[in-house]
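Readers should treat all values here as calculations from the given coordinates under stated rules, not as data from a laboratory. In this text the structure is predicted, and so the values were computed from the model without any measurement. Backbone-built Cβ (ideal geometry, glycine too); neighbour counts: all protein chains shown.
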Amino acid sequence: MKKAFLSLLAVASVVLNVYSQQTLQSAIEQSDSRFVKEWIASGHDVNNILIVNDQKLTPLAYAALKANPEMVNLLLNRGAQVNQKTEFQDALMFAAMGGNTEIIETLLTAGANPMNENKMGKCARDLAKDAGHSAAHQLLSIETEKRVTAQRAKRLK
């Protein structure tokens, strides 16, 4: 009896988690900041992994993918880790693939590392170029060069 009850609780937990993820995805897509704030306030981890079309994403990466600057800002302000990777990709890479310079600038200001690489060895700058987003590519090239120059200066000290 106890084993059956625990199994039922486990199934219920999985169902609630899937429902919670789908509801959060919908809220991000629709810019429902009230729901996202309540979701976080109710104890959910802003860095939990979402499964979207069999792909793992953080809520921040999903907001960047959906080109939603309001949600990107909200999630960052609520503790989203800007450099957290899932399946070797971070939010900046998704913003770069979409060419959204506003979100790219927001993520860079929040500390995103433009030199992070995915499993193919490509950074956000490369992904922007591959997708044909010249403004995003230029912005990321400038930021990457700044970081490389800063690293060289540190080594010379």
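Of all the residues in segment 109-131, those that are in a helix (DSSP H, G or I) and either exposed (fewer than 12 other Cβ atoms within 10 Å of the Cβ) or of a type in the set (A, V, I, L, M) (or both) number 4. On the stretch given as segment 56-102, residues that are without any contact (Cβ under 8 Å) to a residue 12 or more places away in the chain and in contact with a Ser or Thr (Cβ under 8 Å, 6 or more places away or on another chain) total 0. Contact annotation: residue pairs with Cβ atoms under 6 Å, 6 or more positions apart or on different chains, pairing a residue in segment 132-149 that is part of a helix (DSSP H, G or I) with a partner that is of a type in the set (S, T, N, Q), are Ala135/Thr101; Ala136/Thr101; Leu139/Thr101. Within segment 27-38, the set of residues being closer than 21 Å to Thr86 by Cα and buried (at least 16 other Cβ atoms within 10 Å of the Cβ) comprises Ala27, Ile28, Val36.
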